[in-house]
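Single-structure report; data block below.
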Amino acid sequence: MQCPSCRNLEDKVVDSREAAEGETIRRRRECLKCGRRFTTYERIEEHPLMVVKKDGRREPFDRKKILSGVQRACEKRPISTEQIAALVDSLERTLQQEFDKEVPSRELGERLMRALHALDEVAYVRFASVYRSFKDVSQFMDELKDLLAQKSRPATPPKQS
């Protein structure tokens, strides 16, 4: 590691601890030449997950874009920013685990809709109306009817061993 003051390449680590909830390591270093202390952060290098769009284009997974869409769907709903962040964190973590390099945008959208459906039905319908690009009111009504039908079905009892 190069000292930011004198550019010497030799230093010693004075302190080391986890940062950002264990995602990075903060190291306090001291230059062996000039004695200046400086801080470095170490994190695992991850290959960015690419989203494959309907037309075949590829773009990097953009957490901010997902977060923005979920926030719009959840506007004026009793959903905290922590719940929204947790939903996006969970989605991102799952996608990183299940997809090596690329995820189809359709898969991303469907998973997001399922997560929103579990969180808040109104937010789900709002998101679905944009994501599915309903062409007319009848398509929107069909989605609402499906939602109501799911709600009126009796819950399946848990399997007994």
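Taking every residue in the range 5-17 that is in contact (Cβ under 8 Å) with a residue 60 or more places away in the chain and pairing it with any residue that is surrounded by 11 or more Cβ atoms within 10 Å (Cβ to Cβ) and β-branched (Val, Ile, Thr), at least 6 positions away or on another chain, yields no pair with a Cβ-Cβ distance below 8 Å. Just one residue in the set GLU98, GLU75, GLU18, GLU102 is within 30 Å of PRO4 (Cα to Cα) and surrounded by fewer than 15 Cβ atoms within 10 Å (Cβ to Cβ); that residue is GLU18. In a helix (DSSP H, G or I), among the aliphatic types (A, V, I, L, M) and modelled with pLDDT of 90 or more: does that describe LEU147? No. The range 1-120 holds strands (runs of 3 or more DSSP E) entirely within its bounds, and those carrying 1 or more residues that are under 30 Å from ARG132 (Cα atoms) and modelled with pLDDT of 95 or more map to 50-52, 58-60, 102-104.
Among the residues of the range 119-130, the ones that are surrounded by fewer than 18 Cβ atoms within 10 Å (Cβ to Cβ) and farther than 14 Å from ARG77 by Cα come to 2 in all. Candidates ARG93, ARG126: the one that is farther than 19 Å from LEU147 by Cα and in the same structural domain as LEU147 (by TED's automatic domain parsing) is ARG93.
The values are calculated or read from the model by the stated rules, or taken from the named source; none is laboratory data. Note that this is a predicted model, so its numbers are computed, not measured. Heads up, the Cβs are rebuilt from the backbone with ideal geometry, glycines too, and the neighbour counts pull from every protein chain shown.
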